[in-house]
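Working notes, structure below.
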Amino acid sequence: CGAVNMGPSQIRLWVDEFRQLSGGSGRLALNLWAPDPAPLRDEATEARIRAFLERWGPPLDARAGDAALPQDFEAQCEAILEVKPNAISSIMGLFPPHIVQRAHAAGIPWFATVTTATEARAAAAAGCSALIAQGSEAGGHSGCFDAARGQAERCAVGLMSLIPAVCDAAPGLPVIGTGGITDARGVAAALILGASAVQVGTGLLRTPECGIPAAWSAAVASAQPEDTITTRAYTGRLARGVGNVYL
């Protein structure tokens with residue numbers, strides 16, 4: 001479960017509900033974004049976005065974006081350790097040493113998402129249990145550690161090049177390949193290149209449990225690789241999505 005937008009109480013409630021629905025036997029992992037520097041307001045860009053959105057709905061208050069301020073990362077970490085998931089994972093950075101130490105003491109493995117060999121070495125040195133090698137083809141947000149504009153674009157590495165580089169950078173650690181895996185051919189290629197497993201995300205958007213709108217599901221189903229584009233429009237972080245007027 002991606003818990004970036006959940007406060008501690010929401011994390012606890014979600015885990016309780018998951019365990020009830022799964023009869024207590026379901027396995028779960030909780031993911032957090034490492035925090036970015038405090039965001040800076042860009043009033044000109046905000047004005048353009050408000051004007052765009054008002055074409056389809058009521059006017060937006062100038063303070064509307066304030067609702068998206070980050071959660072308390074330290075409190076989130078406390079909550080995910082408290083509920084004792086089967087694994088925790090990070091993206092866009094690393095868990096702090098004291099959280100890693102407590103996770104290890106509790107027997108909770110930590111999977112670190114990396115987008116370069118340099119990030120893989122840093123995650124290995126920080127004590128991760130496994131590496132999630134995220135290729136630049138991945139849908140959703142890039143896991144690049146550096147939030148600076150242009151950095152994720154400059155360091156974008158495709159999955160088939162990234163997997164062997166990460167395996168070589170952190171020998172002995174399991175590597176999970178993710179990004180653009182759509183069928184058995186992609187799974188086989190990742191395993192041949194040294195991955196221990198693969199991770200899929202976009203394909204799960206079309207499952208009944210996800211519950212996204214039908215139009216979104218149809219767009220995902222019909223999209224070709226060239227139909228996706230990268231953008232920073234949603235969060236300021238680089239992300240890949242199906243191209244539309246907003247992006």
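The values are calculated or read from the model by the stated rules, or taken from the named source; none is laboratory data. The model shown is predicted, which means the values in this text are computed figures rather than measured ones. Every residue, glycine among them, receives a Cβ derived from its backbone with ideal geometry; neighbour counts consider all protein chains shown.
Worth pointing out:
- Cys210 part of a helix (DSSP H, G or I) and more than 15 Å from the chain's Cα centre (by Cα): no
- Ala147 vs. criteria farther than 28 Å from Ala188 by Cα, under 18 Å from the mean Cα position of the chain (by Cα) and either of a type in the set (Gly, Ala, Ser) or not assigned by TED's automatic domain parsing to the domain that holds Gly180 (or both): yes
- Unmet criterion (only one of (1) part of a helix (DSSP H, G or I); (2) at pLDDT below 95) for Ala120: (2)
- In segment 173-196, the residues that are within 14 Å of Thr113 (Cα to Cα), in contact with a helix residue (DSSP H, G or I) (Cβ under 8 Å, 6 or more places away or on another chain) and of a type outside the set (Val, Ile, Thr): Leu173, Gly177, Gly179, Ala195
- Per-region count, segment 203-247, residues free of Cβ contacts under 8 Å to residues at least 60 places away in the same chain and of a type in the set (Lys, Arg): 1
- Within segment 4-32, considering residues that are exposed (fewer than 14 other Cβ atoms within 10 Å of the Cβ) and of a type in the set (D, E, K, R), the one nearest to the chain's Cα centre (by Cα): Arg27
- Within segment 1-19, residues that are under 10 Å from Ile80 (Cβ atoms) reach partners that are exposed (fewer than 15 other Cβ atoms within 10 Å of the Cβ) with beta carbons closer than 6 Å, at six or more positions or on different chains, in the pairs Pro8/Ala75.
- If you go through segment 8-36 and keep only what is over 23 Å from Leu204 (Cβ atoms) and either outside the structural domain of Glu82 (by TED's automatic domain parsing) or part of a helix (DSSP H, G or I) (or both), you end up with Pro8, Ser9, Arg12.
- Test: residue in segment 178-188 that is at pLDDT 95 or above, buried (at least 21 other Cβ atoms within 10 Å of the Cβ) and within 29 Å of Asp72 (Cβ to Cβ): yes
- Residues (part of a strand (DSSP E or B) and touching a Ser or Thr at 6+ places or on another chain (Cβ under 9 Å)) located in segment 213-230: Thr230
- Look at segment 123-149: where a residue is surrounded by fewer than 21 Cβ atoms within 10 Å (Cβ to Cβ) and a partner is assigned to a strand (DSSP E or B) and of a type in the set (D, E, K, R), sitting 6+ places away or on another chain with Cβ atoms under 7 Å, you get Gly139/Arg240; Gly140/Arg240.
- Exactly one residue out of Ala184, Ala239, Ala214 is more than 24 Å from Ser89 (Cα to Cα) and not assigned by TED's automatic domain parsing to the domain that holds Ala147: that is Ala214.
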